[in-house]
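The values are calculated or read from the model by the stated rules, or taken from the named source; none is laboratory data. Keep in mind that this is a model prediction, so the values were computed, not measured. Virtual Cβ from ideal backbone geometry, glycine too; neighbours counted across all protein chains shown.
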Amino acid sequence: MTKNAKPGTGGNRYVPYEERTGNESVVYFTRDLSSAGMEKIYERVNGNITGKVGVKLHTGEPHGPNIIPSAWVKEFLAKELPDATIVETNTFYAGDRYTTEQHRRTLAVNGWTFCPVDIMDEHGTVMLPVKGGKWFDEMSVGASMPTYDSLVILTHFKGHTMGGFGGSNKNIGIGCADGRIGKKMIHQKGDNMWGVDEEELMEKISESTKATIDYFGRHITYLNVMRNMSVSCDCEGVDAQPVVTPNVGIVASTDILAVDQASVDLIAAMTEHDHHDLIERIETRHGYRQLSYMKELGMGNDRYFLIDIDNGDAVICPKKAVEGVKPFVKD
């Protein structure tokens with residue numbers, strides 16, 4: 001059900017760490033952009049991943065150049081989650097992932113053929129409650145999602161045409177909402193199919209995410225792969241804008257707000273030359289509202305300890321992390 005609500009404000013302003021309040025979570029960091037890097041950082045955050053496991057990632061439009069390489073994911077799953085299933089949903093827009101048949105052809109083109117892939121809305125939808133939301137009481141997701149015991153959110157962190165940035169929040173909020181009902185609830189305003197303003201969209205994405213993470217409780221974890229970060233989402237495929245932001249590494253946490261906030265902080269800590277395009281994309285789309293609204297909804301902490309697992313679990317600041325990856329800009 002959709003509620004009547006007013007959008008928030010302030011999504012175009014970055015909040016420095018010293019202005020944040022509240023508890024601190026733990027976020028792990030590695031510079032190792034490879035399947036081995038995903039394996040070693042996942043082992044730090046997998047304590048509650050049990051039973052039947054779904055791995056939510058953006059499998060991309062045909063021949064998309066910036067998605068997490070399928071070869072990395074194949075090796076990662078073989079070693080860490082051999083019985084897991086990749087989970088996706090169909091798109092709201094017409095294209096190569098709009099129907100299940102089209103979506104499966106695209107999966108084959110992009111190399112996602114080494115394990116089961118569940119297009120969760122292939123056989124319908126189910127409503128999950130949104131606790132404390134101002135826009136929604138419930139969100140429509142793929143019908144098979146509740147059949148999983150745990151979710152691993154494996155996200156390619158990058159910019160986004162509408163969201164400013166696409167981190168774990170966007171991966172779940174848009175990516176688990178089904179293609180016909182849930183995504184429509186998020187994007188539509190009245191009779192206007194793409195009518196929400198920037199901050200309303202950030203809030204609706206976050207409320208959609210909350211429905212999923214509340215359902216899984218402690219049995220969900222988050223990895224953001226900060227590589228090939230165009231200002232474009234992977235939904236733009238071969239039409240994505242060129243990558244101009246340096247590669248960073250992988251961050252992981254059991255706290256969704258902390259992992260997305262740390263990713264944004266790592267971008268903010270770059271030089272003006274290195275982060276200009278991506279910061280501009282986030283600001284002009286009011287993408288920071290994703291972070292502030294997740295905090296308002298009690299979805300996590302925007303303060304954290306950044307643990308460098310490459311250097312004896314040293315606690316580092318984002319600026320030091322960025323300085324440390326300068327030699328690792330290219331794969």
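Name every residue in region 136-170 that is surrounded by fewer than 24 Cβ atoms within 10 Å (Cβ to Cβ) and within 18 Å of Leu291 (Cβ to Cβ), in order of residue number.
Answer for region 136-170, where residues must be surrounded by fewer than 24 Cβ atoms within 10 Å (Cβ to Cβ) and within 18 Å of Leu291 (Cβ to Cβ): just Met162.
I need the full set of residues from region 122-149 which are part of a loop (DSSP other than H, G, I, E, B), in contact (Cβ under 8 Å) with a residue 60 or more places away in the chain and of a type outside the set (Phe, Trp, Tyr), in order please.
Looking only at region 122-149, we keep the residues that are part of a loop (DSSP other than H, G, I, E, B), and these are 122-124, 130-135, 137, 143-144, 148-149.
Next cut, in contact (Cβ under 8 Å) with a residue 60 or more places away in the chain only: 130-135, 137, 148-149.
Val130, Lys131, Gly132, Gly133, Lys134, Asp137, Asp149, listed by residue number.
Exactly one condition in (1) among the charged types (D, E, K, R); (2) in contact with a helix residue (DSSP H, G or I) (Cβ under 8 Å, 6 or more places away or on another chain); (3) surrounded by fewer than 21 Cβ atoms within 10 Å (Cβ to Cβ) is false for Glu61; which is it?
Unmet for Glu61, out of (1) among the charged types (D, E, K, R); (2) in contact with a helix residue (DSSP H, G or I) (Cβ under 8 Å, 6 or more places away or on another chain); (3) surrounded by fewer than 21 Cβ atoms within 10 Å (Cβ to Cβ): (3).
Restricting attention to region 175-206, which residues are under 24 Å from Gly10 (Cα atoms), without any contact (Cβ under 8 Å) to a residue 24 or more places away in the chain and charged (D, E, K, R)?
Of everything in region 175-206, just one residue is under 24 Å from Gly10 (Cα atoms), without any contact (Cβ under 8 Å) to a residue 24 or more places away in the chain and charged (D, E, K, R), namely Lys189.
Can you list the helices (runs of 4 or more DSSP H) lying wholly within region 215-311 that have 3 or more residues being among the charged types (D, E, K, R)?
Correct list: 272-284, 289-296.
Can you tell me which residue in region 150-162 is nearest to Asn48 (Cα to Cα), limited to those that are in contact with a strand residue (DSSP E or B) (Cβ under 7 Å, 6 or more places away or on another chain) and of a type in the set (Ser, Thr, Tyr)?
Result: Ser150.
Given the criterion among the charged types (D, E, K, R), at pLDDT 95 or above and closer than 17 Å to Asn23 by Cα, identify the matching residue among Asp308, Asp277, Asp313, Asp255.
Asp255
So, in region 133-171, exactly how many residues are closer than 15 Å to Thr2 by Cβ and of a type in the set (Gly, Ala, Ser)? Give the derivation first.
Initial filter on region 133-171 (closer than 15 Å to Thr2 by Cβ): 133-140.
After this cut, where a residue has to be of a type in the set (Gly, Ala, Ser) as well, the list is 133, 140.
Count: 2.
Could we say that Asp331 is farther than 18 Å from Arg13 by Cβ, of a type in the set (Asp, Glu), surrounded by fewer than 20 Cβ atoms within 10 Å (Cβ to Cβ) and modelled with pLDDT of 95 or more here?
When the stated conditions are applied, Asp331 does not pass them.
Can you pull out every residue in region 22-70 that is closer than 18 Å to Tyr304 by Cα, among the polar types (S, T, N, Q) and either touching a Gly at 6+ places or on another chain (Cβ under 7 Å) or assigned to a helix (DSSP H, G or I) (or both)?
Scanning region 22-70 gives Ser25, Thr30.
Which members of region 91-144 meet the condition of being among the aromatic types (Phe, Trp, Tyr), at pLDDT below 95 and touching a strand residue (DSSP E or B) at 6+ places or on another chain (Cβ under 9 Å)?
Within region 91-144, Phe92 is the sole residue that qualifies.
Does region 72-94 contain any residue that is at positive phi and either crowded, with 22+ Cβ neighbours inside 10 Å or not basic (Lys, Arg) (or both)?
Scanning region 72-94, I find no residue that is at positive phi and either crowded, with 22+ Cβ neighbours inside 10 Å or not basic (Lys, Arg) (or both), so the answer is no.
Which condition does Thr147 not pass, out of (1) more than 22 Å from Val26 (Cβ to Cβ); (2) at pLDDT 95 or above; (3) touching a strand residue (DSSP E or B) at 6+ places or on another chain (Cβ under 6 Å), if it passes all the others?
Just one mismatch for Thr147, condition (3).
Take the residues in region 172-183 that are assigned to a helix (DSSP H, G or I) and either surrounded by 24 or more Cβ atoms within 10 Å (Cβ to Cβ) or modelled with pLDDT under 95 (or both), then tell me which one is nearest to the chain's Cα centre (by Cα). Break it down stepwise before answering.
First, the residues of region 172-183 that are assigned to a helix (DSSP H, G or I): 172-173, 182-183.
Next, only the ones that are either surrounded by 24 or more Cβ atoms within 10 Å (Cβ to Cβ) or modelled with pLDDT under 95 (or both) stay: 172-173, 182.
On the way: Ile172: 6, Gly173: 8, Gly182: 17 Å.
Checked region 172-183; the qualifying residue nearest to the chain's Cα centre (by Cα) is Ile172.
Inside region 184-199, can you point out the residues that are farther than 29 Å from Ser150 by Cα and either among the charged types (D, E, K, R) or in a loop (DSSP other than H, G, I, E, B) (or both)?
Keep residues of region 184-199 that are farther than 29 Å from Ser150 by Cα, which gives 188-199.
Those that are farther than 29 Å from Ser150 by Cα and either among the charged types (D, E, K, R) or in a loop (DSSP other than H, G, I, E, B) (or both): Gln188, Lys189, Gly190, Asp191, Met193, Trp194, Gly195, Val196, Asp197, Glu198, Glu199.
Just give me the residues in region 71-89 being of a type in the set (A, V, I, L, M) and assigned to a loop (DSSP other than H, G, I, E, B), in sequence order.
The answer is Leu81, Ala84.
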